[in-house]
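Every number here is computed from the coordinates shown, using simple stated rules; none is lab data. Computed from a predicted model, the values in this text were never measured in an experiment. Here the Cβ positions follow ideal geometry from the backbone for every residue, glycine too, while neighbour counts run over all protein chains shown.
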């Protein structure tokens, strides 16, 4: 069964924590129409950075580089994004369980991160990772619709 992955990373600094810059950041899309698939093992990856005015940059990357566990079993797809220990801020005292998708279903899972440079010399930086993952055949605009499952695992960034 086909697996379609779209990974969107939005990144910013404290400069986009308030005012007009925060409005631009908050208006950044959490889904896009899919690029044509190059292989069955590639993911549609979009990066949006504060320094570029949150304009999307689309690429394709090997599915193994996407920080999410995908496992097919018993006619379902188990989906669980990884959280790396060094990017564990904000605190996540209890993570939700993995999602098991039936064919034709898709999940949007969002996680945010806050981190600083070595020894805190530079200010805090922030990421929002959005994983849109579908199981089974899909149309190019699948992620522009309402997800079957939505997991908001965003914590306070302070």
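Projecting label points 7 angstrom from Cα along Cα→Cβ for residue 144 and residue 41 puts them 3.1 nm apart. All C-alpha to C-alpha distances of the stretch 1-139, sorted into 5 Å bins beginning at zero, yield P(r) values of 2, 9, 18, 20, 19, 15, 10, 5, 2, 0 percent in whole numbers. When both bridge partners sit in the stretch 1-146, DSSP labels roughly 85% of those beta bridges antiparallel. Kirkwood hydrodynamic radius of the stretch 1-76, from the reciprocal of the average inverse Cα-Cα distance over all distinct pairs: 14.1 Å.
Our helix-only sum for the chain, with -39,500 (n - 2.57) per DSSP H run of n ≥ 4 divided by its residues, gives a mean residue ellipticity at 222 nm of -1500 deg cm²/dmol. Each peptide in 30-36, 68-74 was scored by the mean count of other Cβ atoms within 10 Å over its residues; highest first, the order is 30-36, 68-74.
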